[in-house]
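Engineer: Got a structure here, written out as structure tokens. Questions coming.
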Amino acid sequence: MSVNLNCSLSDRNLDISQPSSQRQLAIRVSASTNADSSGAPLNLCLVLDHSGSMGGKPLDTVKKAARELVDQMYYTDRISVVGFDHKASVVVESQTLDRPESVKDKIQSLRATGGTCIDDGIKLALQEISKGKEGAVSQGFVLTDGENEHGDNARCLQFAQLAVEYNMTLHTLGFGDHWNQDILEKIADAGGGTMTYIQSPEQAGEEFRNLLRRVQSVGLTNAYLLLELPANVRLAELKPVAQVAPDAIELTMQNEGNLIAIRLGDLMTDIDRVIIVNLYINHAAVVNQSGSIPVVTAQVRFDNPVMAKSGILSTPVVVEANLVQNFQAQIDPQVQNHILALAKYRQTQLAENKLKQGDRIGAATMLQSAAKTALQMGDEKAATVLQTNATRLQSGTELSEADRKQTRIVSKTVLQAPSNS
Amino acid sequence: MITCPSCSHQNPDGATHCEACYTPLPVITMIDCPSCGASVQSDASFCGHCGFDLTAKTTAAIIQPQQEVSEPLPSPIQVPEPVSAAEPDPFQPVEITPDDLTEIITMPVSTAPTAAASPSSNPKTQLQRITASLLHVQTNVTLELPNNLQVTHLGKPNNLIPPDIDVSGFPDSDIVSRVHADIRFEGDAFYFEDTGSSNGTYINNVPLPAGNRHRLRPGDRISLGKGDKVSFIFQMTE
Ligand SMILES: [Zn+2]
Ligand SMILES: [Zn+2]
């Protein structure tokens with residue numbers, strides 16, 4: 001299994017009459033499948049909130065969804081289950097799935113009681129996942145319906161960072177309307193995973209299935225994007241790299257010698273990760289006769305769990321731009337859509353920050369910008385949600401907890417129409 | 001430095017899209033004032049040196065051929081951002097949205113007054129009220145506070161709170177925030193408030209904390225931003 005790596009500039013042509021140009025580089029990365037390789041087994045830990053507030057239908061549907069999830073896994077996969085209220089306990093110890101009925105019985109035995117302490121749940125999950133991480137794709141699904149009132153959010157994030165160091169991925173699922181979208185988004189971002197919103201109990205089954213499908217398509221893990229910039233190119237000063245698909249995430253970078261390394265985490269076979277790099281190209285560089293000017297050299301470093309190999313390097317891709325006379329903008333429409341996805345996310349974030357500072361009108365204006373951006377990229381569902389909330393704020397109405405969560409989710413992703421399966 | 005009209009982030013020179021929110025940035029170039037020949041910013045509404053009105057016909061004649069026609073922006077996002085709220089919103093989402101959505105989207109958020117900022121737009125007062133003015137120290141241009149406004153907004157063109165007094169024509173106006181400060185008239189006194197500017201306001205060389213009011217007295221020196229680069233003397237006439 002190797003890597004697909006594609007780079008496109010927002011506009012390949014640069015105006016020779018200007019001293020420099022700002023450009024965005026869209027980088028698409030996925031794992032490529034070849035016929036003779038099959039994926040590594042999954043090493044999954046379900047971390048389930050069974051606090052008192054989950055009592056009744058919520059916990060019943062979550063248990064049902066979890067049991068169905070077990071049925072969709074392969075017998076070579078590993079599973080473990082951690083339950084938490086204000087304390088955490090191992091419900092199913094890490095094991096290969098040769099006795100699925102006993103696993104499902106143990107899930108069924110969970111009872112709703114107590115408060116919520118997410119960090120203890122994650123801590124036990126890391127312990128269980130680490131028992132079976134060799135040669136596997138290690139993933140944790142953390143589901144909660146509440147604030148982490150018996151826990152410590154900073155500790156959650158430390159565990160999420162630790163998970164990444166051990167090449168495990170954490171996904172979060174917010175259930176109902178009373179969880180904290182800031183914390184769950186941070187855990188998922190730090191844990192290299194995705195955040196899912198389960199608005200009503202009936203959606204639990206489908207969201208579990210979607211997430212399982214995503215982690216089953218992970219072919220390569222622990223991927224880093226490595227960028228080498230020539231002297232005539234510099235990154236934007238503020239948040240120069242972000243992922244825009246499958247969901248919007250601000251990415252952090254570190255320097256490795258003369259390279260910039262950006263952790264991407266898992267690479268999927270059927271879903272592209274798209275990263276936007278915002279940069280300034282100084283035109284006063286050595287230009288060859290054809291007028292091309294170097295912009296960046298990109299490469300991916302990754303682990304292949306099936307072959308138990310780490311630190312594999314992809315073939316580098318060299319990106320160049322052209323200095324032209326009589327410049328006319330020719331924008332790559334696909335890159336433009338990726339940029340709009342990032343603009344939608346950033347504008348919504350700015351609106352949320354304004355709202356936190358009590359600036360309701362400022363928040364409404366910014367949400368309205370985000371709605372326009374969403375419309376421009378053809379994301380009508382997001383446009384409707386964002387605009388409705390902007391209008392609510394303008395009319396002096398508070399946003400409900402559900403409104404806030406929907407806003408966060410539509411800003412991060414392009415929602416697919418729910419399937420009827 | 002280019003301040004984003006949408007989120008006020010200060011972007012490095014050469015940016016065409018805001019690094020923070022990806023809103024296309026106004027291309028600010030320097031143009032020569034047709035009246036006195038001084039170099040002024042192309043988005044200014046009047047010349048800060050001689051007070052010449054750069055808006056209306058003049059603007060169209062000077063700016064558009066230079067940057068909007070012959071030099072298409074190298075911008076991947078074409079989000080229409082009106083330069084000032086007085087212009088109609090060119091955004092037309094009709095084909096792609098349900099009607100109700102279209103209706104709310106095209107509804108302007110701000111209903112703040114959009115009084116013209118050029119000094120020539122303040123004819124002599126008829127109502128005998130106290131009138132006040134700001135003398136720009138660096139250029140000796142006097143700006144009268146528009147009459148009958150309870151709150152006068154100071155800043156540069158933006159689509160959030162359009163300034164009643166637009167200082168974008170003055171030299172060094174890049175240190176002034178788009179939404180910088182308000183002057184409030186209450187009772188028979190004027191009060192100065194910084195409305196959350198990035199670089200602050202100094203009154204008689206003392207920083208004015210955001211949210212604090214200063215009762216203005218004739219002769220007060222108001223500096224927008226650091227370094228006493230955009231400074232005014234407050235004046236009152238009865
Ligand atoms: Zn901005
Ligand atoms: Zn002039």
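Engineer: Name every residue in the stretch A:243-259 that is within 13 Å of chain B (Cβ to nearest Cβ) and either outside any strand (DSSP E or B) or surrounded by fewer than 21 Cβ atoms within 10 Å (Cβ to Cβ) (or both), in order of residue number.
Structural biologist: A:248, A:250
Engineer: Moving on to the next point. What are the residues in the stretch A:58-72 that are among the hydrophobic types (A, V, I, L, M, F, W, C) and under 20 Å from residue A:215 (Cβ atoms), if any?
Structural biologist: A:62, A:65, A:66, A:69, A:70
Conditions tested, residue by residue: (1) within 24 Å of residue A:406 (Cβ to Cβ); (2) in contact (Cβ under 8 Å) with a residue 40 or more places away in the chain; (3) of a type in the set (S, T, N, Q).
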residue: A:159; (1), (2), (3): no, yes, no
residue: A:169; (1), (2), (3): no, yes, yes
residue: A:172; (1), (2), (3): yes, no, yes
residue: A:176; (1), (2), (3): yes, yes, no
residue: A:190; (1), (2), (3): yes, no, no
residue: A:197; (1), (2), (3): yes, yes, no
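Engineer: Now for a different question. I need a count of the residues in the stretch A:214-242 that are over 25 Å from residue B:14 (Cβ atoms) and either of a type in the set (Lys, Arg) or within 14 Å of chain B (Cβ to nearest Cβ) (or both).
Structural biologist: 1
Engineer: Can you find even one residue in the stretch B:205-218 that is touching a Ser or Thr at 6+ places or on another chain (Cβ under 6 Å) and assigned to a strand (DSSP E or B)?
Structural biologist: There is no residue in the stretch B:205-218 that is touching a Ser or Thr at 6+ places or on another chain (Cβ under 6 Å) and assigned to a strand (DSSP E or B).
Engineer: Could you give me the residue pairs with C-beta distances under 8 Å whose first residue belongs to the stretch A:328-351 and is surrounded by 24 or more Cβ atoms within 10 Å (Cβ to Cβ), whose second residue is among the aromatic types (Phe, Trp, Tyr) wherever it lies, and which are 6+ apart or on separate chains?
Structural biologist: If the second residue must be among the aromatic types (Phe, Trp, Tyr), the pairs left are A:339/B:22; A:340/B:22; A:342/B:22; A:343/B:22; A:346/B:22; A:347/B:22.
Engineer: Kindly indicate whether residue A:196 is within 15 Å of the chain's Cα centre (by Cα), modelled with pLDDT of 95 or more and not assigned by TED's automatic domain parsing to the domain that holds residue A:313.
Structural biologist: No, not satisfied.
Engineer: I've got another one for you. Could you please find all residues in the stretch A:43-95 being over 19 Å from residue A:122 (Cα atoms) and among the charged types (D, E, K, R)?
Structural biologist: Those that are over 19 Å from residue A:122 (Cα atoms) and among the charged types (D, E, K, R): A:57, A:60, A:64, A:67, A:68, A:71, A:77.
Engineer: Please list, ordered by first then second residue, the pairs with beta carbon atoms under 9 Å, 6 or more apart or interchain, first in the stretch B:11-26 and more than 7 Å from chain A (Cβ to nearest Cβ), second within 16 Å of ligand 2 (Cβ to nearest atom).
Structural biologist: B:26/B:42; B:26/B:43
Engineer: From the list A:92, A:82, which residue is among the β-branched types (Val, Ile, Thr), surrounded by 20 or more Cβ atoms within 10 Å (Cβ to Cβ) and more than 23 Å from the chain's Cα centre (by Cα)?
Structural biologist: A:92
Engineer: State all residues of the stretch B:146-195 that are β-branched (Val, Ile, Thr), over 17 Å from residue B:46 (Cβ atoms) and not in a loop (DSSP other than H, G, I, E, B); if no residue qualifies, say none.
Structural biologist: Matches in the stretch B:146-195: B:151, B:175, B:179, B:183.
Engineer: Helices (runs of 4 or more DSSP H) wholly in the stretch A:300-399 with at least 2 residues that are more than 10 Å from chain B (Cβ to nearest Cβ) and touching a Cys at 6+ places or on another chain (Cβ under 8 Å) - which ones?
Structural biologist: none
Engineer: From A:273, A:209, A:213, A:234, which residue is of a type in the set (Lys, Arg) and touching a Phe, Trp or Tyr at 6+ places or on another chain (Cβ under 6 Å)?
Structural biologist: The match here is A:234.
Engineer: Which of (1) closer than 30 Å to residue A:284 by Cβ; (2) surrounded by 16 or more Cβ atoms within 10 Å (Cβ to Cβ); (3) at pLDDT below 95 is the odd one out, the single condition residue A:324 does not satisfy?
Structural biologist: (2)
The values are calculated or read from the model by the stated rules, or taken from the named source; none is laboratory data. A quick note: this is a predicted structure, and the numbers were derived from the prediction, not measured. Methodologically, a virtual Cβ is constructed for each residue, glycine included, from the backbone with ideal geometry; neighbour enumeration extends over all protein chains shown.
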